[in-house]
Each structure stands twice: as structure tokens, then as C-alpha cells.
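A short write-up of the structure that comes next.
What follows draws every value from the coordinates through simple rules; no lab data is involved. Just so it is clear, the structure is predicted and the values come from calculations on it, not from any experiment. We place every Cβ from the backbone using ideal geometry, glycine too, and count neighbours over all the protein chains shown.
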Amino acid sequence: MTQTYTGRFAPSPTGPLHMGSLVAAMASYLDAKAHDGLWLLRMEDLDFDRNVKGAGQHIIHSLQRCGMVWDRDITWQSQRQHLYEAAMQELGEHLYPCACSRKEIADSRLRLGEASSQIYPGTCRHGLTAGKIARAWRLRVPDQNYTFEDRLAGTQQQNLATEVGDFVLKRADGFWAYQLAVVVDDAAQGITHVVRGADLIDSTARQIYLQELLGLPTPSYLHVPVVTNADGEKLSKQTGALAFDQGDNDILHDALIPAARFLGLQLAESIGSQEEFWNKATLAWKNKLDYTEK
């Protein structure tokens with residue numbers, strides 16, 4: 001590689017980390033260590049309505065209890081909003097104002113016979129209706145397939161026009177959308193490899209399109225399976241996922257070893273320390289990479 005490997009873990013401080021979060025954090029951390037690279041921590045705290053007071057510090061403490069060490073100062077997206085504004089200005093004519101409420105979008109889909117579709121019907125694409133006021137800003141997408149190679153899942157392809165539609169970059173509540181912020185920050189921080197949960201694989205084509213428009217590099221992507229509950233739902237705060245860090249529990253045997261095994265790493269229960277765990281887990285991840293990257 002001609003560039004130093006730089007990876008990251010980017011949680012949202014909407015509550016404590018659960019096992020699904022730990023799996024994503026561990027995969028990104030092990031990948032960075034396996035490549036002798038840098039691992040950064042970024043707090044994606046732009047959804048101010050959902051942020052929980054003290055959650056960011058709880059996340060930091062939980063990662064420290066796990067023995068994870070980040071290589072640069074922690075980045076907080078709430079302190080970087082000027083960068084997202086600059087990117088919006090650069091996108092210029094690729095953006096358009098949208099006045100649609102959720103109900104209006106749903107009604108438009110119904111009229112088009114596409115009530116079950118999640119694709120924006122393009123109501124405001126050619127200008128606002130008289131008397132309407134912009135609520136959000138959307139990005140025009142091309143009728144074009146975007147293909148990328150996922151290091152674990154293989155070749156992925158998505159047509160942005162038919163499978164996604166014009167998507168929001170600045171929300172009606174004034175908050176910056178995830179898709180724009182993550183692209184701007186990954187580039188600004190020199191992220192070369194993104195390792196995250198498979199629930200975000202659907203966002204990748206949109207992010208590659210934004211990178212193309214903004215003249216930014218595209219990182220390598222690897223999406224790991226998500227942890228689910230007994231009902232098959234992705235573990236999340238919304239589905240009642242519990243924190244893996246109870247403050248006084250055995251992090252090594254209650255959390256680290258189970259998370260590693262979920263990632264397909266074969267580790268003995270007899271591991272006696274976090275140092276031993278990370279050494280053996282990194283070696284196991286390297287062996288896993290030898291298999292997935294052939």
C-alpha cells in the first residue's frame with residue numbers, strides 16, 4: 001500500500017454500546033491492527049434529538065475497559081458542521097430544495113401505485129410548487145449502477161435511481177444527514193479502510209457517488225454480519241439491546257470472547273488477559289483476511 005492504513009469506529013452517542021456495537025468496533029480495531037495501521041474514534045453526534053447526555057463518555061469508558069486504544073484525538077461531528085456546509089456549497093446544482101412532508105411523500109407513492117416503495121418520487125426535483133417552502137435539501141442521483149467490491153461480501157451493485165432515489169443531505173429539522181457527514185469526515189481524516197456492520201452496506205453506493213461528486217477518494221469497504229436478537233431483529237437501542245459493559249462485569253469473558261466468536265474467530269475460553277486476547281484475536285483476524293482476500 002502506498003498510503004498508511006487508517007480505519008475508524010464511529011458510534012452515535014444515543015446510548016451505551018451493546019454487543020452489536022462491540023462486534024463492529026472489534027472488527028474495525030482488529031483490521032487496523034492486522035494491517036499495522038491507525039484506528040480512530042469518531043462520535044457521530046449530529047442527531048441532537050436522539051443524543052443521550054453522558055452517552056459519549058460512557059462509550060469512551062467502555063472501549064477503554066475493552067483495552068481498545070485510538071491513535072488520535074477523538075473527533076465529534078457536532079464540532080465539524082462547517083465542513084458539511086462547505087461540501088453542500090460545492091455540490092451546487094446537484095442539490096435541490098424539497099418541500100415534501102413524510103405524509104406528502106407517502107401520498108405521492110400511493111398515487112403512483114408504489115405505496116410500499118421507499119424511493120422518493122421526485123416531487124420537487126424540477127422546482128417547488130408555488131407557495132411551498134423548502135424543508136430539506138436532496139441530492140439528484142443518476143440512473144446508473146454503482147459497483148464496489150466488499151472485502152467480505154464480494155461484488156455489490158446498486159442503481160441509485162431505481163433502488164434509492166434522490167436522498168436527503170440536510171434534513172427538515174436542520175440536521176445534517178449521515179450520508180454527507182460520513183463522506184466528508186472519512187476524507188478529512190484520511191480513512192483508507194471502512195469496516196462496519198452489514199446494515200450499512202446499502203449506504204455505500206450513495207457514499208461512493210458523493211465521493212465522486214466532491215472529488216474525494218473512495219476507501220476500501222468491509223461489512224461484517226450484524227448481531228440479532230431472538231426475534232431475528234438487529235440489536236439496537238430501539239429493540240431494547242442491553243449494554244455489554246455493566247461497570248463491574250467480566251469484559252473479557254462476557255463480551256470480548258463472545259464478540260470475537262461471532263466474527264468467526266476461534267479463540268480458547270482459557271485466555272487469561274486482555275493483552276493475550278488482542279494478540280490472539282489479531283492473529284486470528286489475519287488468518288481470516290487471508291481467506292476472504294484471496
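If I go through region 31-54 residue by residue, how many of them are touching a Leu at 6+ places or on another chain (Cβ under 9 Å) and either over 26 Å from THR4 (Cα atoms) or not in a helix (DSSP H, G or I) (or both)? Residues that pass the stated criteria total 2. Considering region 142-182 alone, what residues qualify as being under 24 Å from ASP47 (Cα atoms) and in a loop (DSSP other than H, G, I, E, B)? Matches in region 142-182: VAL164, GLY165, ASP166, ARG171, ALA172, ASP173, GLY174, PHE175, ALA177.
Pick out the one residue from THR155, THR129 that is surrounded by fewer than 17 Cβ atoms within 10 Å (Cβ to Cβ), of a type in the set (Val, Ile, Thr) and under 30 Å from VAL224 (Cβ atoms). Within the list THR155, THR129, the selection yields THR155.
Consider LEU242 carefully, then state whether it is of a type outside the set (Gly, Ala, Ser), out of contact with any Phe, Trp or Tyr (no Cβ under 6 Å at 6 or more places or on another chain) and under 24 Å from GLY165 (Cβ atoms).
So LEU242 fails the test.
Contact annotation: residue pairs with Cβ atoms under 6 Å, 6 or more positions apart or on different chains, pairing a residue in region 66-85 that is touching a residue at least 24 places away in the same chain (Cβ under 8 Å) and aromatic (Phe, Trp, Tyr) with a partner that is surrounded by 14 or more Cβ atoms within 10 Å (Cβ to Cβ) and not in a strand (DSSP E or B), are TRP76/ASP45; TYR84/LEU180; TYR84/ALA181; TYR84/VAL184.
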